[in-house]
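Structure record follows, encoded as structure tokens.
Just so it is clear, none of the values below were taken in a lab; they were calculated from the coordinates. Just so it is clear, the model here is predicted, and its values are computed rather than measured. Here Cβ is always computed from backbone atoms with ideal geometry, including for glycine, and neighbour counts include all displayed protein chains.
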Amino acid sequence: MDQPAGSSQDAQSLPVCYRHPDRETGISCTRCERPICPECMVSASVGFQCPECVRNGSGTGHAPSASRPRTLAGGTVTTDPRLVTKVLIGICLAVFLAQLSMGDPFTDRFDLMGRAYVSELGDFEGVAEGQWYRLLTSMFLHGSYIHILFNMLSLWWIGGPLEAALGRIRYIALYVVSGLAGSALTYLIAAQNQSSLGASGAIFGLFGATAVLMRRLQYDMRPVIALLVINLIFTFGLAQIAWQAHIGGLVAGVLVGYAMVHAPREHRTLVQYGTCALVLAAVVLLTLLRTAQLT
């Protein structure tokens, strides 16, 4: 005998939600086809999905990371877009405190020089002596309170917004590559016994990348150009400034920055990190060339 719709026998035939066994439902996940109740339903491009399928993928067969928001350069958007900048400032401040507490022997062991006899250390020191680490460590040393204050303010003002636009990994790559390019050009051109130190090469790289980014976004270029011109005037106007580091960092920053913000989406990662690799290859080549001259 026919039963009227909605009878108890019809209701008992409905499946129950796999997450809430006490709830009957007529809806199933479009991916795993398990029954889900209204509380567990997550709207998808087609139908509904269960929470587990949403966590394990975007609903299109891509990895979960594919649906994360991205920066202009393809980096991941983070809750603290200035974290790397804060860490870099913290490292520079910590190293400066070490310089103050341990004096010249500490600075002379890690600053940038080609090849020179250092009386405090009692031996010949420099990149030409195989101490390639000086190309990197010199980026975190500073010579005075004014020196570190100016550089850290510049890093905060310029680096923070640039980190937010590029993402952490790309920002770190830009900073390190620019700094190494500045160190390599200083090593190549400066006198072999001239020591240099400071984050200026890396910061000038951030200047160059910021100019490229602002042009890409069609912002008013006059403020950043004016700031850059002022810094270049100081670079060539003061004898104690290693202009080679500034120019090397600036050129590298423009090249890497252009690759970061103009790379085609389909080959973005390859173009961005490929450009970084090419600049690093130039750094190695310049270093080898200068080392051959000094040894």
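Data overview
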quantity: Net lengthening on full extension, residue 94/residue 156 (0.36 nm per residue, minus Cα-Cα); calculated: 20.7 nm
quantity: Computed FRET value (nearest 0.05) for residue 265 with residue 217, which takes r as the C-beta separation and R₀ as 22 Å; calculated: 0.85
quantity: Burial ordering of 124, 48, fewest other beta-carbon atoms within 10 Å first; calculated: 124, 48
quantity: ³J(HN,Hα), Karplus 6.51/-1.76/1.60, whole Hz, each residue of segment 211-223, x for Gly, Pro; calculated: 4, 5, 5, 5, 5, 4, 8, 6, 7, 5, 7, 4, x
quantity: Neighbour-count ranking [beta-carbon atoms within 10 angstrom, fewest first] of 23, 222; calculated: 222, 23
quantity: Taking N as its residue count, the alpha carbon Rg of segment 121-268 over 2.2 N^0.38 Å; calculated: 1.07
quantity: Relative exposure of 287, 78, judged by other C-beta atoms within 10 Å (fewest first); calculated: 78, 287
